[in-house]
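Here is the structure we will look at.
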Amino acid sequence: MTQSFDIVVVGTGVAGTAIARGCRAAGLSVAIVDELPYGGTCQLRGCDPKKVLRAAVEPVSGMEQLEELGIFGAPVTPDWRSMMAFKRRFTDPVTPGKEAAFAEAGIAKFHGTARFADPDTLMVGDTVLKGGHFALAAGSRPADLPIDGAELLLHSDGFMALDTLPRRIVLVGGGYIAMEFAHIAVRAGAEVTMLQRGERLLDGFDPDLVDLLVERTHDMPVDIRVGTAATAIERVGEGYRVHADQEGRALRFESDLVVHAAGRAPNLDGLDLQAGGVAFGKRGIEVDDHLRSVSNPRVFAAGDAAASGMPLTPKASHDAAVVVANLTRGGHSRRVDYTAMPSVVFSLPPLARVGLLEEEALHQGLGFRVNHAVTDGWFSAKRLNETCSGHKVLIEEGTGRILGAHLVGPHADEVINLFALAIRHGITAEGLAETPYSYPTSGSDVASMV
Ligand SMILES: Cc1cc2nc3c(=O)[nH]c(=O)nc-3n(C[C@H](O)[C@H](O)[C@H](O)COP(=O)(O)OP(=O)(O)OC[C@H]3O[C@@H](n4cnc5c(N)ncnc54)[C@H](O)[C@@H]3O)c2cc1C
Ligand SMILES: NC(=O)c1ccc[n+]([C@@H]2O[C@H](COP(=O)([O-])OP(=O)(O)OC[C@H]3O[C@@H](n4cnc5c(N)ncnc54)[C@H](O)[C@@H]3O)[C@@H](O)[C@H]2O)c1
């Protein structure tokens with residue numbers, strides 16, 4: 001059966017949902033398709049469930065910090081099953097909620113893998129979908145790890161659906177997922193080892209602040225091995241043995257669970273982009289500044305699937321707004337602008353960045369001063385007995401423009417938004433310093449950071 005729509009959207013995550021709803025609200029006929037239950041990564045398998053699980057270990061982290069002052073005897077261990085039940089209260093309603101919302105909006109729903117038959121036709125099973133335009137918001141998936149036994153790795157979605165938390169966990173990788181899962185799992189009672197191939201963890205964040213967080217994580221304790229690449233995984237009895245290479249030295253780690261935390265790749269395999277004449281590379285679908293495919297003008301891409309910006313939720317939302325503008329008001333009405341897109345590692349305490357890294361600002365030849373301090377002695381960290389706290393703010397000489405801000409410590413995940421606002425809307429260091437802040441809050445520290 002052939003059906004025709006103004007817009008056919010692939011993916012029901014943050015990007016696909018917003019594109020479908022935005023185009024429909026503008027009066028276009030819209031179809032949406034997903035091969036998984038509707039909802040996408042962020043709400044079902046990513047940001048939101050992760051942050052719900054983190055909520056259960058936040059008090060544990062707080063108690064650990066206050067324990068040495070004699071305020072608590074010993075921290076409690078949260079009940080993992082109850083944590084999962086709490087998480088499901090958020091994730092279970094997502095799919096039925098999306099199904100109902102699309103139906104109410106008059107968006108035609110399809111379930112199955114969408115693949116191109118030719119540049120203006122998508123197939124979902126035997127159903128033929130003709131589109132005036134296509135919006136590809138297919139997201140990302142765990143990157144292929146070319147090691148023996150890679151099929152034994154549990155992916156992040158599996159970790160966030162575990163019925164019980166195994167005692168010993170090896171995390172393969174040293175990025176966002178490894179750091180966030182380590183902080184949750186250790187506080188929930190597991191013994192965690194992190195294997196990071198490169199010499200540094202959390203590439204893309206300020207190295208001095210990463211060092212503070214790594215020291216804190218090491219003390220939790222997490223066994224962090226840098227310069228250590230996982231080379232093979234084998235089943236041994238009920239558990240696993242992970243083989244790794246550390247500068248030519250062969251290492252072995254026994255574990256009850258091995259988790260993939262070694263990067264994600266655009267999820268393009270099912271789409272048969274070649275048949276659709278849609279150019280793509282390792283970073284995703286190749287798009288111009290308007291998020292239009294460089295090879296098929298009927299196609300736009302957004303979110304993790306598009307080779308643009310950072311694969312994060314705020315970027316997926318921004319892309320969706322750009323695609324909606326270009327689909328409803330003409331193909332060249334809006335360009336992407338990833339200025340001041342903040343990013344947070346939701347460790348305890350969190351690590352955050354917005355704008356340029358020091359190295360990037362130097363590379364661009366900008367003249368700037370750096371306000372860098374370790375602030376475990378500041379009131380907002382000290383009252384929590386939090387030892388991991390610091391900032392680095394890059395301020396342009398002459399203009400006072402904030403070029404970049406990097407934070408680690410209590411509420412860094414919230415405070416970074418003030419710097420994002422400043423960078424996006426041109427509020428200078430002077431403007432930030434003279435703003436009255438509620439006190440005592442971590443936000444009020446901003447005045448002393450600039
Ligand atoms: C564990 C984890 C934690 C994260 N935490 C954060 C966080 O705290 N903050 C943050 O900003 N970002 C976070 N992210 C990243 C964030 O989740 C993604 O950037 C965001 O969800 C991408 O949204 P999207 O709409 O592009 O894709 P997705 O939400 O992944 O949606 C893509 C959808 O397309 C469907 N699909 C793919 N191919 C086809 C096909 N051929 N046919 C039909 N359907 C198809 C998929 O089934 C999927 O449902 C996290 C990611 C993970 C994995
Ligand atoms: N808070 C957030 O915003 C958040 C949280 C989780 C995930 N995410 C998104 O998901 C993506 C994927 O997260 P991630 O942590 O998997 O990727 P990542 O790119 O952040 O880190 C992957 C790390 O794994 C290492 N690695 C690769 N192969 C290895 C091997 N064989 N042995 C040891 N180490 C190896 C890499 O050197 C790299 O440091 C992120 O880039 C981000 O876009 C975001």
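The values are calculated or read from the model by the stated rules, or taken from the named source; none is laboratory data. Remember, it's a predicted structure, so these values are computed and weren't measured experimentally. Cβ atoms come from the backbone with ideal geometry, glycine included; neighbour counts cover every protein chain shown.
Val33 meets the conditions (1) crowded, with 22+ Cβ neighbours inside 10 Å; (2) without any contact (Cβ under 8 Å) to a residue 40 or more places away in the chain in every case but one. The failed one is (2). Cβ separations smaller than 8 Å between residues 6+ apart or across chains give the following pairs from the stretch 78-97 residues that are more than 16 Å from Arg54 (Cβ to Cβ) to residues that are surrounded by 12 or more Cβ atoms within 10 Å (Cβ to Cβ): Val94/Tyr38; Val94/Gly39; Val94/Gln43; Val94/Leu44; Thr95/Pro37; Thr95/Tyr38; Thr95/Gly39; Thr95/Leu44.
If we scan the stretch 291-299, do we find a residue that is closer than 23 Å to Val345 by Cβ and either assigned to a strand (DSSP E or B) or in the same structural domain as Leu195 (by TED's automatic domain parsing) (or both)? Scanning the stretch 291-299, I find no residue that is closer than 23 Å to Val345 by Cβ and either assigned to a strand (DSSP E or B) or in the same structural domain as Leu195 (by TED's automatic domain parsing) (or both), so the answer is no. Among the residues of the stretch 167-218, those that are touching a Ser or Thr at 6+ places or on another chain (Cβ under 8 Å) and either more than 15 Å from ligand 2 (Cβ to nearest atom) or modelled with pLDDT under 95 (or both) comprise Arg168, Arg187, Ala188, Gly189, Leu212, Arg216. In the stretch 228-252, the residue that is farthest from ligand 2 (Cβ to nearest atom) out of those that are of a type outside the set (Gly, Ala, Ser) and over 22 Å from Ala143 (Cα atoms) is Glu238. Among the candidates Ala340, Ala381, Ala420, single out the residue that is assigned to a helix (DSSP H, G or I), under 22 Å from the mean Cα position of the chain (by Cα) and of a type in the set (Gly, Ala, Ser). Just a single option satisfies the conditions, and that option is Ala420.
Only residues that are within 13 Å of ligand 2 (Cβ to nearest atom), farther than 20 Å from Pro266 by Cα and in contact with a Cys (Cβ under 6 Å, 6 or more places away or on another chain) were counted in the stretch 304-342, giving 0.
Name the residue that is surrounded by the most Cβ atoms within 10 Å (Cβ to Cβ), counting only residues in the stretch 132-149 that are within 15 Å of ligand 2 (Cβ to nearest atom) and in a strand (DSSP E or B). This residue is Pro142. Checked against (1) over 26 Å from Arg292 (Cβ atoms); (2) assigned to a strand (DSSP E or B); (3) not basic (Lys, Arg), Met63 passes all but a single condition, namely (2). Against the condition under 28 Å from Leu291 (Cβ atoms) and β-branched (Val, Ile, Thr), how does Val393 come out, does it pass? So Val393 does not fit the description; no. Entry remark, the stretch 68-122: residues being among the aliphatic types (A, V, I, L, M), at pLDDT 95 or above and over 17 Å from Thr12 (Cα atoms) number 4 in total.
Within the stretch 1-55, the set of residues being more than 15 Å from ligand 1 (Cβ to nearest atom) and assigned to a loop (DSSP other than H, G, I, E, B) comprises Met1, Ala26, Gly27, Leu28, Ser29. Scanning the stretch 201-219 for residues that are of a type outside the set (D, E, K, R) and buried (at least 18 other Cβ atoms within 10 Å of the Cβ) gives Leu201, Leu202, Phe205, Leu209, Val210, Leu212, Leu213, Val214, Thr217. Identify, please: which residue in the stretch 291-325 is in contact with a Lys or Arg (Cβ under 6 Å, 6 or more places away or on another chain) and more than 13 Å from Gly16 (Cβ to Cβ) and is, among those, farthest from ligand 1 (Cβ to nearest atom)? So the residue we want is Ala325. Can you tell which of Leu136, Leu122, Leu153 is within 30 Å of Ile233 (Cβ to Cβ) and aliphatic (A, V, I, L, M)? Result of the check over Leu136, Leu122, Leu153: Leu153.
Which ones in the stretch 105-154 are under 17 Å from Phe5 (Cα atoms) and of a type in the set (Asp, Glu)? Across the stretch 105-154, the qualifying residues are Asp118, Asp120, Asp126.
For the stretch 155-166, a tally of residues being of a type in the set (S, T, N, Q) and either in a strand (DSSP E or B) or near ligand 2 (Cβ under 10 Å from one of its atoms) (or both) returns 1.
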